[in-house]
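Asker: Below you will find the structure I want to go over with you.
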Amino acid sequence: MEHIETDVLVIGAGLTGLTTAFQLRKLGIKTVVIERNAEVGGQIKSHRAAGFIAESGPNTGVVSYPEVAELFAALAPNCTLETARDESKDRLIWKGTKFHSIPSSLLGAIKTPLFTWPDKIRVLAEPFRRKVSDPTESVASMTRRRLGKSFLNYAVDPFLAGVYAGNPETLITSYALPKLYRLEQEHGSFVRGAIAKARETRTERDKLATKKVFSAQGGLDTLTAALATHIGEEHIVLNASQLRVMPHGKKWVATYTDAAQNEQTIYCHTVVSTVGGYSIADLFPFISAVDVTPISNLEYASVVQVSVGFDSVGSAKFNAFGGLVPGIENRPVLGILYPSSCFEGRCPKGGALFSFFLGGKRNPELLQATDDEIKELINTQVHQMLHLPVTLKPSFIRIFRHSAAIPQYEINSKERLAAIKNIESDYNNLHLAGNIRDGIGMADRIKQGVTIARKIQDNIKHSNRS
Ligand SMILES: Cc1cc2nc3c(=O)[nH]c(=O)nc-3n(C[C@H](O)[C@H](O)[C@H](O)COP(=O)(O)OP(=O)(O)OC[C@H]3O[C@@H](n4cnc5c(N)ncnc54)[C@H](O)[C@@H]3O)c2cc1C
């Protein structure tokens, strides 16, 4: 039987795997990607119908690192970075019966009804508050300590619902928000840290990290499709089931069942896994239970995303990025994004497209709700929250259920990261990547892919020398 031989086998054709493989091939390193699904993209998928472009996974990312801008530049003209319109900058938080803007000026901060007066005054003292060094502290505890309860309820809790679909009482700052954690550790305060960061000299490359909200022109799956085109379809194996990877002398052997139900084999020098924590034990059966359990234990929040489109919204204006909902407000929605306000061509002219996020750690039971139940919920919330007339019905509605959407970087993260380190040091040329570490956002995934490709290049250079 024929088998494939390659330098690197990348497992998973999501954004991490495709970025890693793209970089490796650019560096001249023979790479094959293997994926169990029938198509590339992983969590990224854009759906086009009736003039709408809806995302079933991520809608937007942030250009947090130069690697994001560099990746898009390298993929041109097959895919184009699109940053959100300036008019969509406003970010909203639900309180009472409507969304309120997050203040962006001193006057706005004084006038906002989101935070209490004692907390508004308390925040002025944040730069002088004692630093605490506790890498196991929850985001909720850190926020109460430095900013006050109303900032937890009406800023941090909804923010974490939007990013992690998670709970601030269980997410750990040093793992879930490492940049914020470092501000306190390195500068003693968020405010002082932010000022110091703003004053840092930035190289031309640093400036590529604009911190702007991004998508790809025409939908995010043009990014993963462009990556696949550059990698070359002949180097991507789809529909691979029962994949198992085992050490094979100084190399690795991967076996799988192909679409025609034939057993196939791949030999390689290096393996990069980008799969979720729940797949690692089956994929690498040689790893001991002691080592693998802290990785398998990584919990993922479920998310139901509902894309809701209107052909026309009359004179209603939605000039914002979207709105997030604090848990304390007891609504069945985590947040609503306004993709058609951010990006071109996401809906018919005069219409609007919204992305409702439901479930998460707050309402996990919504994953089991029927389509009819979800549609009823959406119809009610469209009118109550977006204040569209009851007579106006969406012309487009798609429900996307994700049982393992977002990994929760909680208290067991220390053990998980230690286990990954142990396994990687026990087995040469095995990289356990993906969102089990290094961040959950698309920018984190791109940066990780670039970093791993460079590391593999260094390892190859090193082994060629010795
Ligand atoms: C609903 C939702 C909303 C999100 N919103 C945002 C957002 O607004 N901004 C943002 O930056 N990020 C967001 N994210 C996160 C973002 O989607 C991810 O960071 C990114 O897409 C993950 O890419 P990945 O390649 O690491 O993982 P994945 O996309 O999960 O790719 C892993 C791949 O591995 C494959 N695989 C798994 N097991 C095996 C196996 N045994 N054999 C072969 N293949 C296997 C899977 O099929 C999959 O294709 C969101 C995610 C979801 C689900």
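Asker: Being in contact with a strand residue (DSSP E or B) (Cβ under 7 Å, 6 or more places away or on another chain) and free of Cβ contacts under 8 Å to residues at least 24 places away in the same chain: is that true of Glu424 here? Break it down into steps so the answer makes sense when it comes.
Answerer: Working: in contact with a strand residue (DSSP E or B) (Cβ under 7 Å, 6 or more places away or on another chain): yes; free of Cβ contacts under 8 Å to residues at least 24 places away in the same chain: yes.
Spelling it out, Glu424 is indeed in contact with a strand residue (DSSP E or B) (Cβ under 7 Å, 6 or more places away or on another chain) and free of Cβ contacts under 8 Å to residues at least 24 places away in the same chain.
Asker: Next question. Kindly provide the set of residues from segment 153-202 that are under 14 Å from Ser141 (Cβ atoms) and hydrophobic (A, V, I, L, M, F, W, C), ordered by number.
Answerer: Correct list: Val156, Leu160, Leu171, Ile172, Ala176, Leu177, Leu180.
Asker: Let me ask something else. Right, Phe52: touching a residue at least 24 places away in the same chain (Cβ under 8 Å), surrounded by 24 or more Cβ atoms within 10 Å (Cβ to Cβ) and more than 15 Å from the ligand (Cβ to nearest atom) or not? Explain how you work it out, then say what you get.
Answerer: Working: touching a residue at least 24 places away in the same chain (Cβ under 8 Å): yes; surrounded by 24 or more Cβ atoms within 10 Å (Cβ to Cβ): yes; more than 15 Å from the ligand (Cβ to nearest atom): yes.
Answer is yes for this residue.
Asker: Only one of Lys447, Lys414, Lys421, Lys461 is among the basic types (Lys, Arg) and within 16 Å of the ligand (Cβ to nearest atom). Can you tell me which? So that I can check it myself, show each step before the final result.
Answerer: Values: Lys414 fails: within 16 Å of the ligand (Cβ to nearest atom); Lys421 fails: within 16 Å of the ligand (Cβ to nearest atom); Lys461 fails: within 16 Å of the ligand (Cβ to nearest atom).
The match here is Lys447.
Asker: Could you list, in sequence order, all residues of segment 78-108 that are at pLDDT below 95 and over 29 Å from Tyr65 (Cα atoms)?
Answerer: Passing the criteria: Leu107, Gly108.
Asker: Please tell me if Thr16 is touching a residue at least 24 places away in the same chain (Cβ under 8 Å), crowded, with 18+ Cβ neighbours inside 10 Å and among the β-branched types (Val, Ile, Thr). Even if it seems obvious, please write down each step before you answer.
Answerer: On the way: touching a residue at least 24 places away in the same chain (Cβ under 8 Å): yes; crowded, with 18+ Cβ neighbours inside 10 Å: yes; among the β-branched types (Val, Ile, Thr): yes.
Judged against the criteria, Thr16 is a match.
Asker: Mind checking which residues of segment 407-466 are surrounded by 21 or more Cβ atoms within 10 Å (Cβ to Cβ), part of a strand (DSSP E or B) and either of a type in the set (Asp, Glu) or more than 14 Å from the chain's Cα centre (by Cα) (or both)?
Answerer: Of everything in segment 407-466, those that are surrounded by 21 or more Cβ atoms within 10 Å (Cβ to Cβ), part of a strand (DSSP E or B) and either of a type in the set (Asp, Glu) or more than 14 Å from the chain's Cα centre (by Cα) (or both) turn out to be His431, Leu432.
Asker: Of these, Val390, Val333, Val313, Val382, which one is closer than 23 Å to Asp86 by Cα and among the hydrophobic types (A, V, I, L, M, F, W, C)? Give the steps one after another, and end with the answer.
Answerer: Working: Val390 fails: closer than 23 Å to Asp86 by Cα; Val333 fails: closer than 23 Å to Asp86 by Cα; Val382 fails: closer than 23 Å to Asp86 by Cα.
Answer to the check: Val313.
Asker: Okay, next question. Being in a loop (DSSP other than H, G, I, E, B) and surrounded by 13 or more Cβ atoms within 10 Å (Cβ to Cβ) is the filter here, so list the residues in segment 177-201 that pass it.
Answerer: Kept after step one, since they are in a loop (DSSP other than H, G, I, E, B), are these residues of segment 177-201: 177, 188-189, 200-201.
Of everything in segment 177-201, those that are in a loop (DSSP other than H, G, I, E, B) and surrounded by 13 or more Cβ atoms within 10 Å (Cβ to Cβ) turn out to be Leu177, Gly188, Ser189.
Asker: Shifting gears a bit: Looking at (1) touching a helix residue (DSSP H, G or I) at 6+ places or on another chain (Cβ under 9 Å); (2) modelled with pLDDT of 95 or more, which one does Lys421 not meet, given that it meets all the others?
Answerer: For Lys421, the exception is condition (1).
The values are calculated or read from the model by the stated rules, or taken from the named source; none is laboratory data. Bear in mind that the values here come from a model prediction, so they are computed numbers and not experimental data. In this analysis, Cβ positions are derived from the backbone assuming ideal geometry, glycine residues included, and neighbour counts consider all displayed protein chains.
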